[in-house]
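Presented below is the structure to which this report refers.
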Amino acid sequence: MIVNNVNPMANVYTSNALVSSRYASAAIGARNIQKRDELSLSREAQSFSEILQKLRGEPEVRQDKVAEFEQKISSGTYHIESENIAASLLLSRF
């Protein structure tokens, strides 16, 4: 078997190897670059965060209101009209 033109084929393989090594070194260099993640909040998000922090600082139960209703119930002065109860039940049901 006679093989002709081996040299041009060897050049193709050599040039492909050089190109691939350049891409490999570029990829390694890209991995070594330190990138930082950034987060930028909108003005609305910052405002929401501030309001949320204030709300978290507030107690969940308003003890002054609880004490007021406890006093009204124990003294017998707390009355709810039956129409209001019925309306609330219907609104929550339908």
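The values are calculated or read from the model by the stated rules, or taken from the named source; none is laboratory data. Owing to the predicted nature of the structure, the values given are computational and were not obtained by experimental measurement. Don't worry about glycine lacking a Cβ; one is built from the backbone with ideal geometry, like all the others, and counts go over all protein chains shown. All accessible areas refer to the heavy atoms of the entire protein, side chains included, with ligands and DNA or RNA removed. Shrake-Rupley method; radii C 1.70, N 1.55, O 1.52, S 1.80 Å.
Look at (1) under 34 Å from the mean Cα position of the chain (by Cα); (2) of a type in the set (A, V, I, L, M, F, W, C); (3) in a helix (DSSP H, G or I); (4) modelled with pLDDT under 90 and you find that LEU41 fails only one, number (3).
With respect to the conditions (1) at pLDDT below 90; (2) in a helix (DSSP H, G or I); (3) of a type in the set (A, V, I, L, M); (4) open to solvent by 100 Å² or more (accessible area, probe 1.4 Å), ILE85 falls short on a single one, namely (4). For the stretch 6-25, does any single residue satisfy the condition of being open to solvent by 80 Å² or more (accessible area, probe 1.4 Å), at pLDDT 65 or above and not β-branched (Val, Ile, Thr)? No: zero hits. Hey, does the stretch 62-81 have a residue that's of a type in the set (Lys, Arg), surrounded by 10 or more Cβ atoms within 10 Å (Cβ to Cβ) and part of a helix (DSSP H, G or I)? So far as the stretch 62-81 goes, yes, one or more of its residues are of a type in the set (Lys, Arg), surrounded by 10 or more Cβ atoms within 10 Å (Cβ to Cβ) and part of a helix (DSSP H, G or I).
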